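First the structure, in the form of structure tokens, and then the observations on it.
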Amino acid sequence: MLARSLLGALACATAACWATQLPLGSTYREGAVAFDASPRIELPLASSSSSSSSSNVVEKMLASHHEERRGGHVVLTHSDFPEVSVRIKQVGKKTRQVSDMLSPLHTHNSTDDEAFCDPTVASYTGYIDLIDGKSLFFYFFESRSNPAKDPVMMWTNGGPGASSAMGLFQELGPCRVPFTNGTQREGPPINGTEWFRYSWNTNANVFFIDQPVGVGFSYTRYGVHTSDTDQGARDVYAFLRLFFAAFDKFQSNEFILSGESYAGRYLPRYASEIVDRNKAIKRAADKSGRKIKKGELINLTRMAIGNGLSDIAKQIPMYYDFSCTHRSGVHPQLSIETCKRLKTIKGRCLRELNDACRQSFDFDRCALHAQACDEEFSSAYMSTGRNPYNVEDGCPTGVENDLCYPITKDIARYLDRSDVREILGVPPVGEFKHFNVENFKVSERFGRTGDILVSSADYVEQVLERGIEVMIYVGKLDWICNHVGNLNWVKDLDWTHGDEFHAKKAYRWLVDGKEVGEAKAGGRLQWATVEGAGHMVPYDQPKVAYELLKRWLARQDL
């Protein structure tokens, strides 16, 4: 468990694995009505006229269905992807301007029952249904600025096992779940949320995905699960192809992969899947002498990883530097006697992990040394009672209870509400599982395959070689995936334009004239740290995180 070790619990997700999750299964059989009674759209459409584009037809049907039934899905299928379908519904439409929400005269959007979470945009939820019985849940919010031209961004939280509802309702999404003395606001779903001005959908079309299967509202029909990042990449790729086929108006927009924590493992592999699939499609088209059809290629241009777990061999030994020296930017957290012992362990772990996990990968030896080294550092830090995601905070309720953040339980209670589930298109609690922000069983499956032992550095180097822009940003108060450990693997990245990045000196970047961290960029790689933020940068420093994203999207210096 994360309360004791990185491998036992960050592999569990951003956090601890709750005992209350263990009895909960992720297997669910929806009734035939979930598919048979839903209207269907078969893609691609027969007509090639712009007036009959996929986006127009899909959006009109979803809007009509939203007005008529306030609940049902539309099923989308595609002749090129017989193994995949999407159930999607519109959950909110644009009824307000952003200027209305920012006005000091604005009271609260709680009376607006026509918009879920963000009344300034159109929003959707749904499931991608795979032929092997996996169903992955997603939320999609169009951009508040220019949906037609702004990039499309996928966000995933870490894990494996963490729901992206944390990202939506706690960090960077368009709304937050407010509580007053443990009591939620009642009424239509928008009553249960507060509009969030620093949302990342201010400048991007953002979808939040619960993956791999078993996370959040995602489930499996036949007991088929995902147990490593390789399979996760194939599942996500299938989702993306059908998503862009349905919403073809976004096919030319830049596509960005983003996430935090275990996304340091997910995203580099997912990016490589997209790049390699695009290349295979181009090669096949060239060989057959045909033109590539619109929508066949995914326009991936960027990837952003926040406080990632990307290379345990480089990150675990740096717990000594973060916990026992001023290299962390904070005072040493451990006693002198403990630090004396950990310094010796650091040297040993650097040698053992490099030998067993990198130079000549030996699964058993790598797992043994990684677990032993991680346990030494984790047990020392966790004995302090501090929050592993923000060293300046305590964790009075315990990591296992609420990840040191009571808001996670607020989110779970909100997503268990029957009225909220009805709007989202999710079965009620009596029929479907209770919502949890973490799923321990998912992390157990990944743990058995040793997925956490694999380095993402090679994938990052290769996507950089192929022109994908990468941003690595880290909150400086995070212990579990700290900036010292992240820099330790980033500084060793080797790609054609790497010298341009490595030769640069870091500079202090500013927001509103105040220094907020260090940054440097070169060779398509952006590095940034954020002061006053822990593991979840957008939660601790929402405005700074928003500025970070906005400037990076605009390709400006931080």
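The values are calculated or read from the model by the stated rules, or taken from the named source; none is laboratory data. Just so it is clear, the model here is predicted, and its values are computed rather than measured. In this analysis, Cβ positions are derived from the backbone assuming ideal geometry, glycine residues included, and neighbour counts consider all displayed protein chains.
Mind listing just one residue for me: the one in region 424-437 that is within 18 Å of SER135 (Cβ to Cβ) and either among the basic types (Lys, Arg) or touching a strand residue (DSSP E or B) at 6+ places or on another chain (Cβ under 7 Å) (or both) and, of those, modelled with the lowest pLDDT? Step through it out loud before you land on a result.
The initial filter retains those residues of region 424-437 that are within 18 Å of SER135 (Cβ to Cβ), namely 424-429, 431-436.
Within this subset, residues satisfying the condition of being either among the basic types (Lys, Arg) or touching a strand residue (DSSP E or B) at 6+ places or on another chain (Cβ under 7 Å) (or both) are 424-425, 433.
Numbers: LEU424: 92, GLY425: 92, LYS433: 85.
Ranking the qualifying residues of region 424-437, first place goes to LYS433.
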Quiz item: If you check every pair at least six apart or on different chains, which have Cβ atoms under 6 Å apart with a residue in region 492-503 that is among the acidic types (Asp, Glu) first and a residue that is assigned to a loop (DSSP other than H, G, I, E, B) second?
Solution: GLU500/GLY523
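Is there a residue in region 319-327 that is assigned to a helix (DSSP H, G or I), within 27 Å of ARG269 (Cα to Cα) and not basic (Lys, Arg)?
At the first step, the residues of region 319-327 found to be assigned to a helix (DSSP H, G or I) are 319-324, 326-327.
Now drop any that are not within 27 Å of ARG269 (Cα to Cα), which leaves 319.
Among the residues that remain, those that are also not basic (Lys, Arg) are: 319.
Scanning region 319-327, I find at least one residue that is assigned to a helix (DSSP H, G or I), within 27 Å of ARG269 (Cα to Cα) and not basic (Lys, Arg), so the answer is yes.
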Quiz item: Out of the residues in region 56-87 that are within 16 Å of VAL420 (Cα to Cα) and not in a loop (DSSP other than H, G, I, E, B), which is modelled with the highest pLDDT?
Solution: HIS66
Quiz item: Can you name every residue in region 504-541 that is over 18 Å from SER310 (Cβ atoms), among the hydrophobic types (A, V, I, L, M, F, W, C) and in contact (Cβ under 8 Å) with a residue 40 or more places away in the chain?
Solution: TRP509, ALA533
Quiz item: Which of the following residues is farther than 26 Å from MET61 by Cβ and modelled with pLDDT of 95 or more: PHE208, PHE169, PHE140?
Solution: PHE169
Practice problem: Being acidic (Asp, Glu) and surrounded by fewer than 21 Cβ atoms within 10 Å (Cβ to Cβ) is the filter; apply it to region 308-352 and report the residue that is farthest from GLU254 (Cα to Cα). | Solution: GLU337
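Among the residues of region 258-307 satisfying the criterion of being of a type in the set (Asp, Glu) and surrounded by 13 or more Cβ atoms within 10 Å (Cβ to Cβ), which is nearest to the chain's Cα centre (by Cα)? Break it down stepwise before answering.
Of region 258-307, the ones of a type in the set (Asp, Glu) are 260, 273, 276, 286, 296.
From the residues that got through so far, the ones that are surrounded by 13 or more Cβ atoms within 10 Å (Cβ to Cβ) too are 260, 273, 276, 296.
Working: GLU260: 6, GLU273: 17, ASP276: 22, GLU296: 24 Å.
If we take residues in region 258-307 being of a type in the set (Asp, Glu) and surrounded by 13 or more Cβ atoms within 10 Å (Cβ to Cβ), then GLU260 is nearest to the chain's Cα centre (by Cα).
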Quiz item: Within the set of pairs 6+ apart or on separate chains, which have a first residue in region 439-452 that is under 18 Å from ARG358 (Cβ atoms), a second that is at pLDDT 90 or above and acidic (Asp, Glu), and C-beta atoms under 7 Å apart?
Solution: ASP451/ASP228
Quiz prompt | Selection from region 267-310 of residues that are assigned to a loop (DSSP other than H, G, I, E, B), more than 19 Å from GLY167 (Cβ to Cβ) and among the small types (Gly, Ala, Ser) | solution = GLY289, GLY295
Quiz item: Going through region 365-389 one residue at a time, which ones are of a type outside the set (A, V, I, L, M, F, W, C), in contact (Cβ under 8 Å) with a residue 40 or more places away in the chain and part of a helix (DSSP H, G or I)?
Solution: GLN371, ASP374, GLU375, SER378, SER379, TYR381
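Going by the conditions given, is ALA313 of a type in the set (A, V, I, L, M), within 19 Å of ASN488 (Cβ to Cβ) and touching a helix residue (DSSP H, G or I) at 6+ places or on another chain (Cβ under 9 Å)?
Working: of a type in the set (A, V, I, L, M): yes; within 19 Å of ASN488 (Cβ to Cβ): yes; touching a helix residue (DSSP H, G or I) at 6+ places or on another chain (Cβ under 9 Å): yes.
Yes: the conditions hold for ALA313.
Hey, can you tell me all the residues within region 340-367 that are closer than 21 Å to SER456 by Cα and more than 29 Å from the chain's Cα centre (by Cα)?
Here is the first cut: in region 340-367, the residues closer than 21 Å to SER456 by Cα are 349-367.
Scanning region 340-367 gives CYS349, LEU350, ARG351, GLU352, ASP355, ALA356, GLN359, SER360, ASP362, ASP364, ARG365.
Can you confirm whether LEU424 is of a type outside the set (Phe, Trp, Tyr), surrounded by fewer than 21 Cβ atoms within 10 Å (Cβ to Cβ), within 21 Å of GLN170 (Cα to Cα) and touching a residue at least 24 places away in the same chain (Cβ under 8 Å)? Explain how you work it out, then say what you get.
On the way: of a type outside the set (Phe, Trp, Tyr): yes; surrounded by fewer than 21 Cβ atoms within 10 Å (Cβ to Cβ): yes; within 21 Å of GLN170 (Cα to Cα): yes; touching a residue at least 24 places away in the same chain (Cβ under 8 Å): yes.
Yes: the conditions hold for LEU424.
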Quiz item: Are any of the residues in region 426-433 closer than 30 Å to MET382 by Cβ and of a type outside the set (A, V, I, L, M, F, W, C)?
Solution: yes
Quiz prompt | Count of region 288-301 residues which are touching a helix residue (DSSP H, G or I) at 6+ places or on another chain (Cβ under 8 Å) and either modelled with pLDDT of 95 or more or among the hydroxyl-bearing types (Ser, Thr, Tyr) (or both) | solution = 3
Exercise. Identify the single condition in (1) more than 19 Å from the chain's Cα centre (by Cα); (2) small (Gly, Ala, Ser); (3) within 17 Å of ALA162 (Cα to Cα) that SER252 does not satisfy, given that it satisfies every other one.
Key: (3)
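Rundown of residues vs (1) closer than 26 Å to ALA412 by Cβ; (2) in contact with a Lys or Arg (Cβ under 8 Å, 6 or more places away or on another chain); (3) surrounded by fewer than 24 Cβ atoms within 10 Å (Cβ to Cβ); (4) at pLDDT 90 or above, yes/no style:
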position: GLY182; (1), (2), (3), (4): yes, no, yes, no
position: TRP200; (1), (2), (3), (4): yes, no, no, yes
position: GLY214; (1), (2), (3), (4): yes, yes, no, yes
position: ARG221; (1), (2), (3), (4): yes, yes, yes, no
position: SER227; (1), (2), (3), (4): yes, yes, yes, no
position: ASP230; (1), (2), (3), (4): no, yes, yes, yes
position: TYR237; (1), (2), (3), (4): no, yes, yes, yes
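From the list ASP362, ASP402, which residue is surrounded by 18 or more Cβ atoms within 10 Å (Cβ to Cβ), in contact with a helix residue (DSSP H, G or I) (Cβ under 7 Å, 6 or more places away or on another chain) and among the acidic types (Asp, Glu)? Please lay out each step first, then the result.
On the way: ASP362 fails: surrounded by 18 or more Cβ atoms within 10 Å (Cβ to Cβ).
Checking each option against the conditions leaves just ASP402.
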Exercise. Have a look at VAL426, VAL391, VAL399 and point out the one that is within 23 Å of the chain's Cα centre (by Cα) and within 21 Å of SER218 (Cβ to Cβ).
Key: VAL426
Quiz item: Could you say which residue among SER47, SER38 is at pLDDT 70 or above, in a loop (DSSP other than H, G, I, E, B), of a type in the set (Gly, Ala, Ser) and more than 29 Å from the chain's Cα centre (by Cα)?
Solution: SER38
Quiz item: With (1) within 18 Å of PRO212 (Cβ to Cβ); (2) surrounded by 19 or more Cβ atoms within 10 Å (Cβ to Cβ) as the list, and GLY450 as the residue in question, which single condition is left unmet?
Solution: (2)
